Amino acid sequence: MTIGRVRERAAGVGSAMAEVHRRFAGSSRAPGIDEFEYWLAAAGAPVESFSTEFDSPYLLLAAGDWREAAAVWQRAGCPYESALAVAGSADTEALLAALPTLDALGAEPLARRLRHRLRGLGVARVPRGRRPATRESPAGLTGRQADVVRLLAAGLTNAEIAARLVLSVRTVDSHVAAVLDKLGARTRREAVARADAIGLLADQS
């Protein structure tokens with residue numbers, strides 16, 4: 001699809017949204033109108049005045065205060081919306097900080113958008129997203145971490161795992177810590193039990 005076609009579609013969406021918004025004019029303000037007005041403005045349609053009856057981070061975004069909007073959403077336990085508020089900013093540190101959250105949520109479209117924006121802002125080293133194999137793992141383990149948990153199930157020590165995988169013991173220590181964290185386990189035995197419960201050890205001979 002050409003850029004011209006994309007812009008044409010966006011203009012059409014904005015026009016349709018503006019018509020819906022006009023129908024609300026003069027009526028009582030319904031919950032959600034603040035979000036509607038924000039996206040209406042984002043679509044390029046004029047909004048003469050935004051609703052002020054609801055204390056909403058969308059009003060902060062409309063006013064250009066993305067940082068406070070992100071903080072409000074973070075306090076409300078809405079990490080995706082918090083990252084979304086950051087997405088339109090030019091603050092490379094904030095954009096980079098939002099990426100791990102989006103990757104953990106599996107929010108790939110917005111994560112790609114942030115990575116594209118970071119490259120456009122001149123950031124040379126933009127962290128890559130999770131690899132397909134990692135995304136497919138029930139616990140989000142990398143291939144190497146899955147290897148480690150299988151060897152833990154076999155009763156190997158960290159030193160023995162290091163020798164088997166041709167890694168340093170320190171690297172294996174880090175992998176084991178990551179496995180415990182991702183599986184929400186406190187001990188190696190608990191990690192193995194949880195890995196077994198979600199099928200990570202099903203193909204182990």
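The values are calculated or read from the model by the stated rules, or taken from the named source; none is laboratory data. Small disclaimer: the values here were computed from a predicted structure and weren't measured. All Cβ positions, glycine included, derive from the backbone under ideal geometry; neighbour counts span all protein chains shown.
Per-residue answers, yes or no, for (1) of a type in the set (A, V, I, L, M, F, W, C); (2) modelled with pLDDT of 85 or more:
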residue: ALA124; (1), (2): yes, no
residue: GLU136; (1), (2): no, no
residue: ALA153; (1), (2): yes, yes
residue: ALA159; (1), (2): yes, yes
residue: VAL166; (1), (2): yes, yes
residue: VAL169; (1), (2): yes, yes
residue: ALA177; (1), (2): yes, yes
residue: GLY199; (1), (2): no, no
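The set of residues from the range 174-205 being in a helix (DSSP H, G or I), in contact (Cβ under 8 Å) with a residue 12 or more places away in the chain and loosely packed, with under 15 Cβ neighbours inside 10 Å comprises just one member, ASP196. Within the range 85-96, the presence of at least one residue that is modelled with pLDDT of 70 or more, of a type in the set (Ser, Thr, Tyr), surrounded by fewer than 15 Cβ atoms within 10 Å (Cβ to Cβ) and out of contact with any Ser or Thr (no Cβ under 9 Å at 6 or more places or on another chain) is confirmed. Selection of first residues in the range 143-171 that are among the β-branched types (Val, Ile, Thr) and of second residues that are loosely packed, with under 14 Cβ neighbours inside 10 Å and modelled with pLDDT under 90, restricted to Cβ pairs under 6 Å at least 6 apart or on distinct chains, gives an empty result. Out of everything in the range 154-173 that is outside any helix (DSSP H, G or I) and hydroxyl-bearing (Ser, Thr, Tyr), what residue ends up being farthest from the chain's Cα centre (by Cα)? Among those that are outside any helix (DSSP H, G or I) and hydroxyl-bearing (Ser, Thr, Tyr), it is THR157. Of the set (1) modelled with pLDDT of 75 or more; (2) out of contact with any helix residue (DSSP H, G or I) (no Cβ under 6 Å at 6 or more places or on another chain), all apply to TYR58 but (2).
Look at ARG130 and say whether it is surrounded by 15 or more Cβ atoms within 10 Å (Cβ to Cβ), charged (D, E, K, R) and either assigned to a loop (DSSP other than H, G, I, E, B) or modelled with pLDDT under 85 (or both). Considered against the rule, which asks whether it is surrounded by 15 or more Cβ atoms within 10 Å (Cβ to Cβ), charged (D, E, K, R) and either assigned to a loop (DSSP other than H, G, I, E, B) or modelled with pLDDT under 85 (or both), ARG130 comes out as yes.
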